[in-house]
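The values are calculated or read from the model by the stated rules, or taken from the named source; none is laboratory data. What you are looking at is a predicted structure, and each value in this text was computed from that prediction instead of being measured. Ideal geometry is used to build each Cβ from the backbone, glycine not excepted, and the neighbour counts take in all protein chains shown. For the accessible areas, the whole protein counts, side chains as well, though only heavy atoms, and no ligand, DNA or RNA atoms are used. Shrake-Rupley method; radii C 1.70, N 1.55, O 1.52, S 1.80 Å.
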Amino acid sequence: MKFSTKQLVPIVLTALISLSVGYFWFGGKAKQTKTESETETETVEGRWTCSMHPEVHGEENGACPICAMDLVFMPHSHDEGSPNHFEMTEQAIALANVQTITVGESSGKEISIPLSGKITTNKNTDAVQTILYDGRIDEFYANTIGKKVRKGQTIGKVYSPELYLAQDKLLTSVSYRETHQKLYDAARNTLGLWKVTDAQIEEMLKQGKPMDNFPLYADVSGTIVEVLGAKGQFYKQGDALYQVADLSTVWAELEAHENHLANLAIGQSVELQTSALPGTRITGKVALIEPILQTHQRIAKVRVVIPNRYQLKPGMFVEAMVKGNSQNNAILLPKSAVLWTGKRSLVYKKVYTDQTVFEALEVELGQSYDNEYEILDGLNLGDEIVTNGTFTLDAAAQLQGKLSMTSLPKTKSEPPKPDKDLSNPVPLQIESDSDISTTLNHYFGLKDALVASDFKIAQEQAKALGESIKTEKHINHTKLPSLIQTLVEAKDLEGQRKAFKPFSKDFLAFVKQQDGLEETLYVQYCPMADNNRGGFWLSLQEEIRNPYFGDKMLICGKVTEVLKQ
């Protein structure tokens, strides 16, 4: 098809106009959009930092000089409040399942106070069997713990020269009984003082000769709980042969720390549990609170009398919950809200009700109850505090360089150190100027979670500790990474505690070689850990808090060494 010149002119003009409009509409808009996007990117304020070492600053596509991880971009918060405020997205809040509560007074609220102790015999029914005269035990039947005896039952035979002579004297006095009745009566009464019965005396008079082995009778009924005598041994009058107890009732002797005493009173209801009887609900009431504290441990004994229909045995460990009421103006928070570093604690506060802005606050803890802490200082009524997702918030705070569990301001308080018996470590290569405060904080978080018997938090702290160990350049050629991995993979609390022992051994050996520790550390030891093989751990406080048993044996242990600055 051919076009004339007149026909081509309008076609060309139409094409040019179309191209111009298309360029103006699409090309110009695309350019404009790109410019806006670039402008938006350029106006976002923030910094490139390391997710494991937030103190590191760098440039895009850079690497952390400490751990060689790629730097990530962290935008600055638009909040103009405290420098420790930080934001999280709604999506991150939902993924972390962050939950909050509003702080209010808890006056008169029912609380459960956790105590621990053991079952003992009822001291009011305990008795001791003694021997009534000097002599040698030729036969002894009450020689087994757990054996039951009845009052008046024959429990052995005794040869007594003294008793033999008393019988002979009575036989001699029979010949002048008619003329010297008082002498005869005196000789007979002497045997009565040793609880020789009239029937035995008459039998001896009938035989006309003294008895060589005199039967020994039980003075009281009960179950033998301790054997002190033995066949063939000579005993003095009044010596103990065995101890018996009436196990129809037993005592639970619980240990209450000084700060719990204000919430305890005679008559309070108590719920007890023992691992020997899983699922058994044992109840009782507080019968006695000892009026004097054991000064070396700052504890008082709390006694609960229990009718023994549960077949409880003396020596069993028990855990107890005593029901009480909180004190006036008390502020209580769930334990899940508090991050505890050993001596210092913090919580996360939601700063604004309509924004996802948070801030870490250091708090002072008071009494510890079953699932709650008393807050003495650091919070005000009406504060909205995070109770779930606190570890996620803490990680976000660390990434943004805000106040967090690992960056609390330094104090003059002093922590604990390891023991000479722990030095069997793999050769270590350590930089003398290394700072292991982050690693130590995660270790103490792990230890405290084991003390609280909290499997989930212990697992989270173990993972954080493992990551910290991996990034510490001054930890080389050690077994610590593999040991902490075993702890991370533990399926239950018992497995965590079992793995904690070898890890603590190598970790304490490592810490002992550090210079310039900022706090005093205490090496502590429990001889009953790991089936009585013993186990060490490191603590920030001199007071014993046992990670191998938790509340079951909270204060079992001792300080073996102190590492000072």
Out of the GluC sites (Glu not before Pro) in the range 483-531, which ones are loop residues according to DSSP with at most 13 other C-beta atoms within 10 Å?
Glu489
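Looking at the range 131-197, which chymotrypsin sites (Phe, Trp or Tyr not before Pro) are DSSP coil and have at most 12 other C-beta atoms within 10 Å of their C-beta? All intermediate terms of the calculation are to be shown ahead of the outcome.
On the way: sites: Tyr133, Phe140, Tyr141, Tyr159, Tyr164, Tyr176, Tyr184, Trp194; in loops: Tyr133, Tyr141, Tyr176, Trp194.
Answer by residue number: Tyr176.
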Keeping all protein chains in the complex and leaving out DNA, RNA and ligands, what accessible area do you get for Ser453 with a 1.4 Å probe, in Å² to the nearest 10?
50 Å²
Going down the list Lys118/Lys512; Lys498/Lys558; Lys285/Lys447; Lys456/Lys498, which pairs span over 27 Å between their C-alpha atoms?
Lys118/Lys512; Lys285/Lys447
Once you put a point 7 Å from the Cα of Thr560 and another 7 Å from the Cα of Asp354, both along the Cβ direction, what distance in nm separates them?
6.0 nm
The range 536-565 residues near the modelled Met528 label - backbone nitrogen below 11 Å, point 7 Å along Cα→Cβ
549-557
Modelled label reach - Glu90, point 7 Å along Cα→Cβ, the range 342-380 residues with backbone N closer than 16 Å
353-357
